[in-house]
1. Just to check your reading of the model, which residue among ARG543, ARG510, ARG497 is in contact (Cβ under 8 Å) with a residue 40 or more places away in the chain, outside any helix (DSSP H, G or I) and either open to solvent by less than 40 Å² (accessible area, probe 1.4 Å) or basic (Lys, Arg) (or both)?
2. Restricting attention to the stretch 263-275, and to residues there that are assigned to a loop (DSSP other than H, G, I, E, B) and of a type outside the set (D, E, K, R), which single residue is least open to solvent (accessible area, probe 1.4 Å)?
3. Please indicate, with yes or no, whether at least one residue in the stretch 460-481 is open to solvent by 10 Å² or more (accessible area, probe 1.4 Å), among the hydroxyl-bearing types (Ser, Thr, Tyr) and in a strand (DSSP E or B).
4. Would it be correct to say that ARG332 is open to solvent by 40 Å² or more (accessible area, probe 1.4 Å), under 23 Å from ALA221 (Cα atoms) and not in a strand (DSSP E or B)?
5. Pick from ARG300, ARG264: which is closer than 30 Å to THR477 by Cα and of a type in the set (D, E, K, R)?
6. Counting only residues that are closer than 16 Å to MET196 by Cβ and not acidic (Asp, Glu), which one in the stretch 213-226 is most open to solvent (accessible area, probe 1.4 Å)?
7. Take the residues in the stretch 167-186 that are within 14 Å of ARG245 (Cβ to Cβ) and not in a helix (DSSP H, G or I); name whichever of them is modelled with the highest pLDDT.
8. Consider only pairs whose beta carbons are under 6 Å apart and that are at least six residues apart or on different chains; among these, list those whose first residue lies in the stretch 409-426 and is under 9 Å from HIS388 (Cβ atoms) and assigned to a helix (DSSP H, G or I) and whose second residue is open to solvent by less than 30 Å² (accessible area, probe 1.4 Å) and of a type outside the set (A, V, I, L, M, F, W, C).
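The values are calculated or read from the model by the stated rules, or taken from the named source; none is laboratory data. What you see is a predicted model; the values in this text were computed from it and never measured. Methodologically, a virtual Cβ is constructed for each residue, glycine included, from the backbone with ideal geometry; neighbour enumeration extends over all protein chains shown. Accessible surface areas use protein heavy atoms only, side chains included; no ligands, DNA or RNA. Shrake-Rupley method; radii C 1.70, N 1.55, O 1.52, S 1.80 Å.
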Amino acid sequence: MDAIETRDTIADTAAWRLLNARLNGTNNNQLLKLPAAGTAADVAQETLEQERALRLMLAPNAHARLVEFRKMPALVWNPTAWPAQRGDQYLFAQAPLDPTAAVQITCALLRQLDALHSSGRALKALHPGMLLIGEAPGVELLGLDQTAGIPYTADPDQVLDLDHLAYLAPECSGRQFAQIDRRADLYAVGAMLFHMLTGAPPFGTAEDDPLALLHRHLTQAPALADAKAPDCDALLAAIIDKLLRKHPADRYQSAYGLLADLERWLTGDTTMPVDGLGHQDPVTTYTPSRRLFAREANARDLNARLQQVRNGSLHCQLITGTSGIGKSAFARHCLASEPELIWAEGKFDQAQRNRPYSAWQSIIRQSLSELRARGMGQEQRNALLKRHAEALSVLRPGDYETGERAQDLSPEAQARMRYDAECLIAELADLARPMVVFVDDLQWADSASLDLLAHLVKSQITRHLLILGAYRDNEVTQNPQLATWLAQTEESERVSRIQLAPLDQDAITRLIDTELPMAANARDAMVRHLGEVTGGNPFFLRRVLMDWWDHGLLHMNAATRCWQPDLAGLQALPLPDDVVDLVLEQLRRQPATVQDSLRHLAGLDNAATTDELAALLGIEADELHRQLEIAHRYQLIHWSDEQPRFWHDRIKWNFYISIDRNLSDYRYDAV
């Protein structure tokens, strides 16, 4: 029996090393020798146990799996002889494949993904290198971490390399404001199936320009697979096209539904209507989307302003409406994924109204980071920072103390700082061509920040800059300086306004048809009731729908595959008149541990990492993830770069005001 020694680190995990041994042609039993107890051995054994449990769940009859655990120092791996290749090597050697073989491999993969997704996990970064493809055909997923459902590799510092960008879903790029879930895996399945059929990924590789590849994922439609592969019929091409849709809501919603369509294709049945694809996608929970409705005319106006900026002008576009109307979502949806522009945003906080320049600090930090990612060298960056040292002495990104010192500046010093900040932003915008600066929640802006905004709007040296300013029009009177500036800019050619209106009945109908398809008579009754209860406010409306689902008043009819509302029950269910009260009720229904975690996240300014939050709470990271997944399921938080963030200010604020200051302040300061 061959022996494999572990190292003193588990970065090269035991399970991964054993799988690599099998890939290298070693089909004998493998004996894993672990170090003495109290070292990495304990963690290595735990990793192997998790791997074994997950594999047994995914494929009880897998070609290879752990068959025995022994007490330290030995574990036994018993792989059977199964000629196989890793997926990326297989595609390089074999593609393009016969359509039947390609679909059979895809179906074998989908059976494992269906089990994984049913357990509440998603890979989110699926790529061919995670597959072991053998005869039969058979597919096995490699390198799974049971707790998070996220792939690990032998190098913990490089989870995803450039080759994997060819299969990355648009929402995983960080430039699309969409939830990342199991549908990202299905996008990757579509990209891999396209590769198997045509011999190349749908949008090329990252060899020449990774940013250009991400741009194609975000904005370009792929060539139809049947145009690239003569043996691919129109139905299979339509299935792939549905998988590669930009928005997750437009794709297949489950591995189960996709598997049903592909298995039907394998039988030779080509009578399936293209508009009936995904018909077997099961839906059991209501998941609100981030899609916008009734904003098409507003989006055209905003894109017209962007075109003016591309041509060299400076413009300030104000976006106004009540809380929950979707101002931030509208701005991001329209522009954040636009190619070739630099997007930087900053947000004023209701709890930090006395901290000057807080939003501008965030904007400067993001701008410099974007320019560095686009190739700005260290020497060029240092020269830029040196030229604008006076502005950066106050706008230093992320520095609380320098922002607070701005209050002590004399009027002359503040004027010099504003001029230097104008020169800095003008230079950044000229390098970006164009640059979009999004200043959110102006109703909570401090006076120094509003002075800087007014100064920038009048700038005679700044070009290629679009300033977006969002504010709640029903709270302007709480900030007299903002009200004065808005009145002064009424006639300005450089300032325009977009007023986001509540959703009318047609828009609510479109929302229901998209998120909760149901019979027309039930839908019309529910639309009327929703309009009366919420006044057409999108955030309030979706919270109400979530509340109805949580109370069991919305359920899926398996026979008709349509949602059915309990109309009598939802009309009888008492609802508060204000979304704040509704959110408070929903928060109180969460477990006490979940509420405590979210209070601490609010206390850390919605900016904590999971490690910081776990340390503050004194719990393990795995336990924190379990708590936050409950909050995520109820749309209280979302994940941004793997860190928890509140969906909306109203949710954060309700947790923030419930914090016991006497017990908590010192802990937040320490973090």
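1. Matching residue, one of ARG543, ARG510, ARG497: ARG497.
2. MET272
3. Within the stretch 460-481, one or more residues are open to solvent by 10 Å² or more (accessible area, probe 1.4 Å), among the hydroxyl-bearing types (Ser, Thr, Tyr) and in a strand (DSSP E or B).
4. Values: open to solvent by 40 Å² or more (accessible area, probe 1.4 Å): yes; under 23 Å from ALA221 (Cα atoms): yes; not in a strand (DSSP E or B): yes.
Against the criterion (open to solvent by 40 Å² or more (accessible area, probe 1.4 Å), under 23 Å from ALA221 (Cα atoms) and not in a strand (DSSP E or B)), ARG332 qualifies.
5. From the options ARG300, ARG264, the qualifying one is ARG300.
6. Looking at the filtered set, the residue picked out is LEU224.
7. ALA169
8. What qualifies is ASP420/HIS388; LEU424/HIS388.
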